[in-house]
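Visitor: The structure that follows is given in the form of structure tokens.
Throughout, read-outs are computed from the coordinates displayed, never taken from laboratory work. Please read all numbers here as calculations on a predicted model, not as lab measurements. Here the Cβ is made from the backbone with ideal geometry for all residues, glycine too, and neighbour counts use every protein chain on show.
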Amino acid sequence: MLAKIGVVTVSDRASAGLYEDKGGPAIVDVLSEILVSPWQPVARLVPDDIAHIENTLIELADVEGCSLIFTTGGTGPALRDVTPEATQSVCHRLLPGFGELMRERSLAQVATAILSRQTAGVRGKTLIVNLPGRPSSIRLCMLAVFPAIPYGIDLIGGARLETDPAKCHAFRPPA
Amino acid sequence: MLAKIGVVTVSDRASAGLYEDKGGPAIVDVLSEILVSPWQPVARLVPDDIAHIENTLIELADVEGCSLIFTTGGTGPALRDVTPEATQSVCHRLLPGFGELMRERSLAQVATAILSRQTAGVRGKTLIVNLPGRPSSIRLCMLAVFPAIPYGIDLIGGARLETDPAKCHAFRPPA
Amino acid sequence: MLAKIGVVTVSDRASAGLYEDKGGPAIVDVLSEILVSPWQPVARLVPDDIAHIENTLIELADVEGCSLIFTTGGTGPALRDVTPEATQSVCHRLLPGFGELMRERSLAQVATAILSRQTAGVRGKTLIVNLPGRPSSIRLCMLAVFPAIPYGIDLIGGARLETDPAKCHAFRPPA
């Protein structure tokens, strides 16, 4: 089964064409590096608008059938940052451990990591994970949480993902 | 005062008799090992049904008068996992530090620890703590958080628990 | 621009005059030690009453125009502890990373740190951070999170804070 993976860049400037989207391509780069099973990205570029982000997440989960969606951007404390709210709103349940671990790992790099409100959750058979906006932070956060993602997607009934263990050691308990 | 401690196994298979309950006995084993004050377990085995779990937690807290309740099972991301929701629903306040610490300690053992949504909270004079389903993870999580539990129960007006300091060094600030 | 910083001591006993407020002065001491830009404390002493705490936070944020508010006290599991509830109620968004980091650092000192429900959040242009009640814990927690605070306040449009880098290395990304 081909795994569809949503890649949602949340940025007023990038979606208005004033700024090149670097977050979305950074996510695709990391996925290309670590995944060895068949997959296909489904990319979207949206402004920092809560209804727009919600609708995009719902479309990618329910219509496109993505097993996994990564967002980038909009997780800070500023008024325009609404990606965590949109994620929380469309998810049936939240997974607080993802945000905790990503903040902890980011904190080893930069003291302002605690300002990030990034979270993760499940909508039906789709796992949604918020990533920061900067490409270097995206990579750090993806490598931190990806070892848990293939088994997490198994548990919710999504597509089977296989990683290159030399790049990312995904854990599945013995059957 | 005899401390009553609720031990709630949440499992469709174990409650249907298709599977031996190993989680409940594992909790009792750790309690027997670390507690030196008088206590009595009050065990329950329930399916992964939110109303059933809620009613059991309420009965153990309000009718049985348990000062502490441990649950095991039902904290994962799958649709049938509803123990954290039931816990949140019956608690008057949540204690996020318990879930944070249990996930952090579990993460040193297994990458999928971040999939656990386990939490803790207070209902009246009862502290409720979610544990994972596997006996080895139960022990790890109990030993991680137990040092804070006797003082936590003091603060909410429950029974006084005393631990063997060689097994679990419970902290109480000097009076 | 002079930065106003709210310092809210939450304590039934201190507000009734039965007990000297040590938490508020401990916060002012740490601020005096680490800040080198102009600032002014706005101190309040309130009982453990949710409406009273909420009204005080709203007044300090909306009327006094504080860019930052620290509370001390009322974050434990006991029934009278309602500072996190009041904070959550008046904030437009929460910053879970602050509580996570403060609990983690406190845990290195004392096992009961996981009983603290302290949180942080944003109300308009004001960052609100809950601190514990004990002066030694206040200092530990402030030094843990302060490196992220000046940039956090920049992002929400509050006053510019500058710290003495020898005392607290506040991080701002290059413009």
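Visitor: Defining a contact as two alpha carbons under 8 Å apart and six or more residues distant in sequence, what relative contact order in percent does segment B:1-92 show?
Guide: 39
Visitor: Using the 7 Å Cα-to-Cβ label point, sort the distances from B:ALA51 to its equivalents in the other copies shortest first and give them in nm to one decimal.
Guide: 3.6, 3.6
Visitor: Expressed as an acute angle from 0 to 90° and rounded to the nearest 10, what is the orientation of the C-alpha long axis of helix C:96-107 relative to the principal long axis of chain C?
Guide: Result, in degrees: 70.
Visitor: Same structure again: Among the residues of chain C, which one places its Cβ closest to the rotation axis that maps chain C onto chain B, and what is that distance in whole Å?
Guide: It is C:GLU100, 3, counting Cβ atoms only.
Visitor: Is segment C:3-156 best put as rounded, prolate or oblate by its Cα gyration tensor, with a ≥ b ≥ c the root eigenvalues, rounded for a/c under 1.5, and otherwise prolate when a/b is larger than b/c, oblate when not?
Guide: Note, shape of segment C:3-156 comes out rounded.
Visitor: Using a Gaussian network for chain A with springs between C-alpha atoms less than 10 Å apart, which of these wobbles most: A:LEU45, A:LEU101, A:LEU57?
Guide: A:LEU101
Visitor: Next question, about the same structure. Using only Cα atoms, tell me the angle between helix B:23-34 and the longest principal axis of chain B; keep it within 0 to 90° and round to the nearest 10.
Guide: Approximately 10 degrees, to the nearest ten.
Visitor: What number, in percent, do you get for the relative contact order of chain A if the mean sequence gap of Cα pairs under 8 Å and at least 6 apart is divided by its residue count?
Guide: So the answer I get is 26 percent.
Visitor: Shape call for the protein assembly as shown from the C-alpha gyration tensor, a ≥ b ≥ c root eigenvalues: rounded (a/c under 1.5), prolate (a/b greater than b/c) or oblate?
Guide: Judged from the Cα gyration tensor, the protein assembly as shown comes out oblate (a/c at least 1.5, b/c at or above a/b).
Visitor: Another question, then. Report, for B:PRO25, each distance to the same residue's label point in the other copies, shortest first and in nm; define the point 7 Å along Cα→Cβ.
Guide: 5.9, 5.9
Visitor: For peptide B:137-150, compute the average count of partner chain beta-carbon atoms within 10 Å of each residue's beta-carbon.
Guide: Averaged over the peptide's residues, the number is 2.
Visitor: Amide H to amide H under 5 Å from B:VAL42: which residues, 5+ apart in sequence or cross-chain, H placed 1.01 Å off N in plane?
Guide: Those qualifying (amide H under 5 Å, at least 5 residues apart or on another chain) are B:ILE5, B:GLY6, B:VAL7.
Visitor: Rounded to the nearest 20 debye, what is the charge dipole size of the protein assembly as shown about its Cα centre when +1 sits on each Lys and Arg Cβ and -1 on each Asp and Glu Cβ?
Guide: 720
Visitor: Which is farthest toward the positive dipole end of the protein assembly as shown among B:MET102, C:ILE53, A:ASN130, measuring Cα position about the Cα centre, with Cβ charges +1 (Lys, Arg) and -1 (Asp, Glu)?
Guide: Working it through, the farthest residue towards the positive pole turns out to be B:MET102.
Visitor: Moving on to the next point. Give me the net charge for the shell around A:VAL30: Cβ to Cβ below 10 angstrom, other residues only, Lys and Arg +1, Asp and Glu -1.
Guide: Spelling it out: positives minus negatives among the neighbours equals 0.
Visitor: For the protein assembly as shown, what proportion of DSSP beta bridges, expressed in % and rounded to the nearest 5, is antiparallel?
Guide: Restricted to the protein assembly as shown, the bridges split so that about 30 percent are antiparallel.
Visitor: Please report the spacing between the Cα centers of segment B:78-127 and segment B:1-68 in Å, no decimals.
Guide: Cα centres, segment B:78-127 to segment B:1-68: 16 Å.
Visitor: Once you list every other residue whose beta carbon is under 13 Å from the beta carbon of B:VAL82, what net charge do they have if Lys and Arg are +1 and Asp and Glu are -1?
Guide: Once positives and negatives cancel, what remains is -3.
Visitor: Hey, if you put +1 on the Cβ of every Lys and Arg and -1 on every Asp and Glu Cβ in segment C:3-156, which of C:GLY24, C:VAL10, C:ILE34 ends up farthest toward the positive end of that dipole?
Guide: With unit charges placed on the Cβ atoms, the residue in question is C:ILE34.
Visitor: Could you pull the copy-to-copy label distances for A:LEU143, with points set 7 Å along Cα to Cβ, in nm to one decimal and sorted shortest first?
Guide: 3.1, 3.1
Visitor: Continuing with this model, one more query. Sequence-distant or interchain residues sharing an amide H contact under 5 Å with A:ARG123, placed H: which?
Guide: Those lying under 5 Å, H to H, from A:ARG123 are A:HIS92, A:ILE128.
Visitor: Calculate the dipole size of chain C relative to its Cα centre from +1 charges on Lys and Arg beta carbons and -1 charges on Asp and Glu beta carbons; express the result in debye to the nearest 20.
Guide: Computed about the Cα centre, the dipole is about 340 debye.
Visitor: For A:PHE70, B:PHE171, A:PHE146, what ranking results if the residue with the fewest other Cβ atoms within 10 Å of its Cβ goes first?
Guide: B:PHE171, A:PHE146, A:PHE70
Visitor: Considering only DSSP beta bridges where both residues belong to chain A, give the percentage that are antiparallel (nearest 5).
Guide: So the antiparallel bridges in chain A amount to around 30 percent.
Visitor: Let me make sure I get this right: for segment A:59-145, a, b and c are the square roots of the gyration tensor eigenvalues over alpha carbons, sorted descending. Under 1.5 in a/c it's rounded, otherwise prolate if a/b > b/c, else oblate. Which is it?
Guide: Prolate.
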